[in-house]
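Peer 1: Have a look at the structure that comes next, please.
Please treat every number below as a calculation from the coordinates, not as lab data. On a predicted model such as this, the values are computed, not experimentally measured, just so you know. All Cβ positions, even for glycine, are placed from backbone atoms using ideal geometry, and neighbour counts span all protein chains on display.
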Amino acid sequence: MVVVVVVIVIVVVIIFVVVVVLAEVVVVVVVVVVVVVVVVVFVVVVVVVVVKLVFVLVFVVVACVERIPRRCRSDLIITIIVVVIIITIVVVVVVLVVVVVVVVVVVVVVVVAVLLIILLLLLS
């Protein structure tokens, strides 16, 4: 009778550990997938916004360049180039910051999940 109870307890503990480990793996996979999707969508939106902004700037320059005196055209072109460069740098920095934050969050989640799995295995 005691042997049967011990075997049942061992089987229940093993099943519990397996279920918890699988749940942790599922949580980690879901978090990673969500993070990757968010980063991809963010990058695509940023790229689309920058491309549209550049097209608008080019359109404005082409539309206005004939009305501007010759001596001012070079100043306008330099200003537009500087604005495009600044916007590009800001967008790249924002994208890099978002990607770094997302990677850090994913790494923390994975490390916590692995530590929980190890803790559960040690306690069982």
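Peer 1: Please name all residue pairs, on different chains or six or more residues apart, with Cβ atoms under 7 Å, provided the first residue is in the range 1-18 and is assigned to a helix (DSSP H, G or I) and the second residue is surrounded by 10 or more Cβ atoms within 10 Å (Cβ to Cβ).
Peer 2: These pairs meet every condition: Val13/Ser124; Val17/Leu120; Val17/Leu121; Val17/Ser124.
Peer 1: Can you tell me which residue in the range 47-68 is nearest to Val82 (Cα to Cα), limited to those that are among the β-branched types (Val, Ile, Thr) and touching a helix residue (DSSP H, G or I) at 6+ places or on another chain (Cβ under 7 Å)?
Peer 2: Going through the qualifying residues, I end up with Val54.
Peer 1: I'd like to know if the range 6-15 contains one or more residues that are closer than 21 Å to Leu115 by Cβ and not charged (D, E, K, R).
Peer 2: yes
Peer 1: Moving on to the next point. Output the residues belonging to the range 84-113 that are surrounded by fewer than 13 Cβ atoms within 10 Å (Cβ to Cβ) and over 15 Å from the mean Cα position of the chain (by Cα).
Peer 2: Selection gives Ile85, Ile86, Ile89, Val90, Val111.
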